[in-house]
Amino acid sequence: MLLKATLSHPLALVTKPAGAVCGKHVNRAPNDQLQWRLYAQVPMSHTTLTPQRERWLLLTLAGIQFTYILDFMVMMPLGPQFTRLFDISDAQFGALVSAYTFSAGASGLAASAYLDRFDRKRLLVVLYTLFALSTMGCALAMTYGQFFVARVGAGLFGGVLSALIQTILADVVPFERRGRAMGVVMSSFSVSTVAGVPLGLYLAAAFSWHAPFWLVVGLCGVFGAMAYWTVPQLRAHLDHPDRHSVWGEIVATVRERNHQWSFAFTMVSILTGFMIIPYITIYLETNLAVSNRDIPLLYLAGGAATLVSARWIGVLSDRLGKRYMYERLAALVGIPLFTLTLMPPAPFWVLTLVYVLFFVIVSGRMIPSMAVVSAAANPRRRGTFMAISGALQSFAMGLAALVGGLIIGRSADGQVTGYWITALLGTLASFASVWLIRRIQVPEGKGPISAPKIGT
């Protein structure tokens, strides 16, 4: 495995001489020559890590991403408990999910003004600490109102973490290896599904729904300490003489055409899955008669499959091309979406296969897509770009959850109705995302299949 526990000299650091520039091997479209000439003039950060140090860094970033994802994902299988405990509707539960994502989006937009004005390491440690304290508030909450407010607080600080992690990866890991690196970090989704969510559900069953959030708080302490020792100082982005004012940086970032295509792609691609994901557990228990004791097994199977597939998708993305890989996965996404939302009660092993297929394809798309999005940024505004992208991603999650909650209904016997409509809308969003990703301009690796140029 890429990540090993017995790494020698994990903190060894190598520094390259400055002087190289970005912009090599770029597919240029006729209308974007000026933009890419500007990109090529921007010196990149030349602090590179030894293989051992890089592995420890990826492990740390994956751990931080793991806690952030677990904090968000554990809400989904606990949905039936929350609806019964707080006596709320499915739409109100969707609003609870959206409160987290909308606050994450709002903080992401606010952070976009300042993300490129601070040392990456210091900012990561501070934000992660505040996220841990907010999650502690979730663990201490006793009522729906208290929990709602605490979720908003966790979203405010956690919403910036994903963008900051991707920014650090893009600063440190070269584009030709970024697919593998992104696969390692994104495997945190799989690990969260394999271990985190089942463990959280077990703790919730053994103690109370507060327990999973205490688990997240404890893990934040572990990975926060690792971040302090493994994340290098990243300050090259602070040294540009032509820096705009705070809001000028945001305006300059948003006005770049390549950034606009990337933002649109990010939002549309998120709509594919998040109209469905928040309500899966509710649908499984009500329509497919799955016992709440078996829900952790489904998450375990789906997570184990994606834990394996994430690395291979990352490798294939580097070898064949990021856009090429995304387009192939996006073309298949309708199969698990419609199968899951339309299937009748079936043997557990059949349901497990469908669930695995859903996780592998829907989550697998994120590996090449994030590599493309991170590479689309103007290097001197990468932090601002990724913060805005993360904010829009969070807004899209919240919007999708709200729309999904409004679409589905309940029959007289309590079964979920109209769930297949979310699959239809998700499939259409997936096709639209393929059209959008072809408009994004990125440097391509050495794979035999390159991404199409804009306008082709």
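Please go through the stretch 103-149 and pick out each residue that is over 25 Å from GLY200 (Cα atoms), hydroxyl-bearing (Ser, Thr, Tyr) and at pLDDT 80 or above.
Correct list: SER107 only.
Select from the stretch 254-277 the residues that are in contact with a Gly (Cβ under 6 Å, 6 or more places away or on another chain) and either surrounded by fewer than 21 Cβ atoms within 10 Å (Cβ to Cβ) or part of a helix (DSSP H, G or I) (or both) and list them in ascending order.
Once the filter is applied, which keeps residues that are in contact with a Gly (Cβ under 6 Å, 6 or more places away or on another chain) and either surrounded by fewer than 21 Cβ atoms within 10 Å (Cβ to Cβ) or part of a helix (DSSP H, G or I) (or both), the stretch 254-277 yields only THR272.
Filter the stretch 392-414 for residues that are over 30 Å from GLY108 (Cα atoms) and out of contact with any Asp or Glu (no Cβ under 9 Å at 6 or more places or on another chain); which is surrounded by the most Cβ atoms within 10 Å (Cβ to Cβ)? Quick ask: steps written out before the conclusion?
From the stretch 392-414, those over 30 Å from GLY108 (Cα atoms) are 409-414; that's our starting set.
Narrowing further to those that are out of contact with any Asp or Glu (no Cβ under 9 Å at 6 or more places or on another chain): 411-414.
Working: SER411: 11, ALA412: 5, ASP413: 6, GLY414: 9.
Filtering first and then ranking leaves SER411.
Among the residues of the stretch 415-442, how many are of a type in the set (A, V, I, L, M), in a loop (DSSP other than H, G, I, E, B) and surrounded by fewer than 18 Cβ atoms within 10 Å (Cβ to Cβ)? Walk me through it before giving the result.
Going residue by residue through the stretch 415-442, those that are of a type in the set (A, V, I, L, M) are 416, 421, 423-425, 428-429, 432, 434, 436-437, 440, 442.
Within this subset, residues satisfying the condition of being in a loop (DSSP other than H, G, I, E, B) are 440, 442.
Checking which are surrounded by fewer than 18 Cβ atoms within 10 Å (Cβ to Cβ) leaves us with none.
Selection size over the stretch 415-442: 0.
Just to be sure, is THR167 at pLDDT below 75, under 18 Å from the mean Cα position of the chain (by Cα) and in a helix (DSSP H, G or I)? Reasoning before the result, please.
Numbers: at pLDDT below 75: no; under 18 Å from the mean Cα position of the chain (by Cα): yes; in a helix (DSSP H, G or I): yes.
Against the criterion (at pLDDT below 75, under 18 Å from the mean Cα position of the chain (by Cα) and in a helix (DSSP H, G or I)), THR167 does not qualify.
Taking the stretch 340-366 as the search range and keeping residues that are among the β-branched types (Val, Ile, Thr) and within 16 Å of TYR279 (Cβ to Cβ), which one is surrounded by the most Cβ atoms within 10 Å (Cβ to Cβ)?
Taking the candidates together, the pick is VAL362.
Identify all residues within the stretch 399-456 that are closer than 16 Å to ASN258 by Cβ and at pLDDT below 90; write none if there are none.
GLN441, VAL442, PRO443, GLU444, ALA451, PRO452, LYS453, ILE454, GLY455, THR456, listed by residue number.
Tell me which residues, restricted to the stretch 367-383, are crowded, with 24+ Cβ neighbours inside 10 Å, modelled with pLDDT under 85 and polar (S, T, N, Q).
Of everything in the stretch 367-383, just one residue is crowded, with 24+ Cβ neighbours inside 10 Å, modelled with pLDDT under 85 and polar (S, T, N, Q), namely SER374.
The values are calculated or read from the model by the stated rules, or taken from the named source; none is laboratory data. All of these numbers come straight from a predicted model, not from anything done at the bench. Positions of Cβ are backbone-derived with ideal geometry, glycine not excepted, and every protein chain shown enters the neighbour counts.
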